[in-house]
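Let me begin by presenting the structure, written as structure tokens, before commenting on it.
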Amino acid sequence: MSVRTRAAIVLIALLILPGFATTVSAASVVELENPIWLADADLGLEVIAAGGPSTQKILVAGADGYARLLDGENPREQIELVTTTEETLRAISWHPRGNTALLAGDGGTLLRYATEDHSVTTVSGSGQLNGVDLTSVSWNAAGTDAYIGGVDGWIWAYHEGEDGIGVFTLLEETKSSSISGIACHAEVNVCVASTAGDGVAIIDTRDGHSLHWIGGLDNRWNGVNCGEPNWYRCIAIGEHQNIGRIGIEIDDVDRSTILIQRIPSITGEFTHVNTRASSEALITLAPFEVMAWDIDDAEAYEWIDHTTVVESSSALAGERLVGSWGTVDNPDIGFLVTSYGAIIGFHPPVETNPWASNTVTYILGGLVIIAVPGVAFGLIFINSETLQRKYYARRAAKREVADAARVEAEKAAKKSERTAKKS
């Protein structure tokens, strides 16, 4: 094979291959809507929680004791709540029956919200918390006990005693780093607590609120979620894009495990985790980004890409996310909440007519089908003397035939003219 022929083949390959190349790029699964603003000023929101007795309701809370109730399907429907504190509220847990919720915060603040009259009152007996800054709270599956976590590793079990006075039991075997999250399983009376430096522990309600430390010591954990109702699995989110996959052994809690999996494709840091749907969680990141996590398959995928947010609104991209929720009827439709007080809807991309949207693609594809073979043949032709000889010989033969036909046509025309004159 000659050098010119090889060069021609290489050039053909360069022309053809781009048509078959696959481009992989990060893209959001959903599109964002224009935000709903809860106020004109920065609210300093810290937490959201979904619950309610019959329809989905969302509690949001944050700095200066701010709290508000939103409708889960239409967050424009709101009820501003009057609290009894100016401390920052950092954690919320709805009771399993959905009629009340606990709100915990700085300075030992523990409040109860009631759906009946939308009142927010201080939990009786919460002075026993000794003014410790509270970071997390979660009701167990039966709704008999709530677990409350705070800075310096404090964890209490709480239930309402006689005459409505709260009973608080300080758990034994606690450690010294702050409790970053507590989440209780929806079907069995066990909960998971994550810490800022002492790993992850299982709380067994069935065994006198016993603590069982299962590992994860070398990580800072930022939160925990038990959104898998059918299996005994939870997840913890940590720094450096680490996911802690927690398997709970119901019959022997001490044998429970945590497997750590890093998500290298994510560049931000995990901040909050909320349930989107059964067996799936949405994890918010800083800067503004959202990752979906499939608890069953232990797989992550981009839900809202930071680049997409920047392209739509650079101001919004600078917001700090504090949580998210998916609607009950369609968890692909839902909302994000920022610290400032923006409620941002998300939904799947709007489908378009494929024949209309892909017209340009079809035209370009047709041009490639037509052009690439022609270019390929041309390159081969100019590098083959045999093909050139055959081509020029054939062209000469066609020209001779055409000339002969033209001459015969001219003779016939003159003959016709002479015949017409004689007549």
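All of the numbers you see were taken from the coordinates with simple rules; none came from a lab. Bear in mind the structure is a predicted one, so any value in this text is a computation, not a measurement. No Cβ is skipped: glycine too gets one built from the backbone with ideal geometry, and neighbour counts run over all protein chains shown.
Which of the residues belonging to segment 122-156 are farther than 23 Å from Cys226 by Cβ, assigned to a loop (DSSP other than H, G, I, E, B) and not β-branched (Val, Ile, Thr)?
Answer for segment 122-156, where residues must be farther than 23 Å from Cys226 by Cβ, assigned to a loop (DSSP other than H, G, I, E, B) and not β-branched (Val, Ile, Thr): Ser124, Gly125, Asn130, Gly131, Asp133.
I need the full set of residues from segment 26-47 which are within 25 Å of Thr135 (Cβ to Cβ) and part of a strand (DSSP E or B), in order please.
Leu45, Glu46, Val47
Those residues that are in contact with a Ser or Thr (Cβ under 7 Å, 6 or more places away or on another chain) and either surrounded by fewer than 18 Cβ atoms within 10 Å (Cβ to Cβ) or within 15 Å of Ile179 (Cβ to Cβ) (or both), I need them from segment 105-122; list them, please.
Hits for segment 105-122 are Gly105, Asp106, Gly108, Leu110, Ala114, Thr121, Thr122.
Out of segment 157-215, which residues are part of a strand (DSSP E or B), aliphatic (A, V, I, L, M) and surrounded by fewer than 19 Cβ atoms within 10 Å (Cβ to Cβ)?
Of everything in segment 157-215, those that are part of a strand (DSSP E or B), aliphatic (A, V, I, L, M) and surrounded by fewer than 19 Cβ atoms within 10 Å (Cβ to Cβ) turn out to be Val167, Leu170, Leu211.
Run Thr121 past the list (1) touching a Phe, Trp or Tyr at 6+ places or on another chain (Cβ under 9 Å); (2) touching a residue at least 40 places away in the same chain (Cβ under 8 Å) and report the number of the one that doesn't hold.
Going through the list (1) touching a Phe, Trp or Tyr at 6+ places or on another chain (Cβ under 9 Å); (2) touching a residue at least 40 places away in the same chain (Cβ under 8 Å), Thr121 breaks only (2).
Could you check segment 220-233 and list, in sequence order, the residues that are touching a residue at least 60 places away in the same chain (Cβ under 8 Å) and under 22 Å from Ile92 (Cβ atoms)? Give the steps one after another, and end with the answer.
Initial filter on segment 220-233 (touching a residue at least 60 places away in the same chain (Cβ under 8 Å)): 227-228, 231, 233.
Gly227, Glu228 - these are the residues of segment 220-233 that are touching a residue at least 60 places away in the same chain (Cβ under 8 Å) and under 22 Å from Ile92 (Cβ atoms).
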